[in-house]
Structure formats: structure tokens, C-alpha cells
Amino acid sequence: MKKLLLLLMISIFGLGYSQKIPTVLKTKFSKEALQQKVENEEGKSVTIQQILNQHKGKVLVIDFWAGWCRDCLNALPKAKELEEKNKNIDFVFLSLDRSKEGFDKSLERFEMKDKENYWFSSGWKNDFNNYIDLNWIPRYMVIDQKSAIAKYYAISPEDPEIQTTIDKLLK
């Protein structure tokens, strides 16, 4: 019985809910995706377009995470290392915490208050996340100086393509 239960759990959690690489690696955002609203720490609503406009002319890494996500929390030290190694680029953290209270607690608990943080108050399913094929977190994207997508899909801050992409954009 124990073996059957274990096999059932593996098939449910191991196969049914894994990150799948999108079939199309997009290089730009749709108009609808750019109009998606998120909230900053003060609860002010801003669009993804406004965030990208603030970072125009800079290389930007977007880190999708949540305080309830074990994989995200395991990746945080390496994400911080990536940030430390690349002080000349910008980082934005987009939270998928389930509530504003959870978002605020996660920022405090995981020492993220000194970073640029936004929260998807609309939840996981929204125009931006649907457009970028967000099916699991953590997820990382690299945005170039003109707000185009330079690295569409990475699931770890240790993915060597993130650093390679950053280096190419800074040349």
C-alpha cells in the first residue's frame, strides 16, 4: 500500500506539475501583456510597461518568485549572487504570493525590502503571465536595453545562459 501511495504521489507531483520549456521563445511583449498591472510595496498600481520604461537603457533581469515557493527560496542565495556579480544591471522581483499580506511578509522574512518588488494582485493567471507562458516558478528573464526579451526562459539563477546573455548585451 505504501509503495502504491508513493507511486501515486510521484506521478501527481513529479510528472503533472513540472516546468515545461515553452515551444516559442518570444523576443517581445504583446500590448496586452505590457498593460498588465502589478502593485508595488506601497500598494500603488503600475503596469509592466511603466516598469520597463523605468529601466530603458539598462539590462534588466526579472525574477518571478513567491514566499511560499520552496524552489524559489532555495534559489534565493544564487539569485543574490547573480545580483552581486552584476551590479551594473537592474533586477526586478515579481511576486506571485497569494495575498498582499503574504507579499509583505515574504519581503520582510526573506530580506527583500531593499529590492524593487511588485506583486501580481490579479493572481497567477493574467495577461502578462499567460503571454510569457509562466507555468512554474522560479523563472528568470533577461530584458535588453530597448525592453526586448533577450533571454525568455530560465528556471535557475545558475543557468549559464543568463550570464552569457547579460555579458553579450553589455558589450
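Here are some notes:
- Cα centroid separation, the range 27-89 to the range 103-171 (Å): 5
- Cβ-Cβ FRET estimate between residue 115 and residue 68, R0 fixed at 22 Å, reported to 0.05: 0.75
- Per residue accessible area of the range 21-98, 1.4 Å probe, in Å²: 54
- Loop GluC sites (Glu not before Pro), the range 73-113 (other Cβ atoms within 10 Å of the site Cβ: 13 or fewer; DSSP): 111
- Computed helical MRE - 222 nm, the chain, DSSP H runs ≥ 4 contributing -39500 (n - 2.57), nearest 500: -10000 deg cm²/dmol
- Between residue 171 and residue 100, full extension at 0.36 nm per residue minus the direct alpha carbon distance yields a gain of 21.6 nm.
- Percent accessible area from carbon and sulfur atoms, the chain, protein chains only, probe 1.4 Å: 55
- The convex hull built on the alpha-carbon positions of the chain has an orientation-averaged projected area of 10.9 nm².
- For the range 146-157, putting each phi into the Karplus relation 6.51 cos²θ - 1.76 cosθ + 1.60 with θ = phi - 60° gives couplings of 9, 6, 8, 7, 8, 10, 7, 9, 9, 10, 8, x Hz, in residue order, rounded to whole numbers and with x for Gly and Pro.
- Projecting the Cα positions of 88, 64, 106 onto the charge dipole of the chain (unit charges on Cβ atoms of Lys, Arg, Asp and Glu, taken about the Cα centre) puts 64 furthest along the positive direction.
- Antiparallel DSSP beta bridges within the chain, percent to nearest 5: 55
- Model label points for residue 50 and residue 20, set 7 angstrom from Cα along the Cα-to-Cβ axis, are 3.5 nm apart.
The values are calculated or read from the model by the stated rules, or taken from the named source; none is laboratory data. Model, not experiment: these values are computed from the prediction. Using ideal geometry, Cβ is built from the backbone for each residue, glycine included, and neighbour counts are taken over all protein chains shown. These area figures cover heavy atoms from the full protein model, side chains too; ligands, DNA and RNA do not enter into them. Shrake-Rupley method; radii C 1.70, N 1.55, O 1.52, S 1.80 Å.
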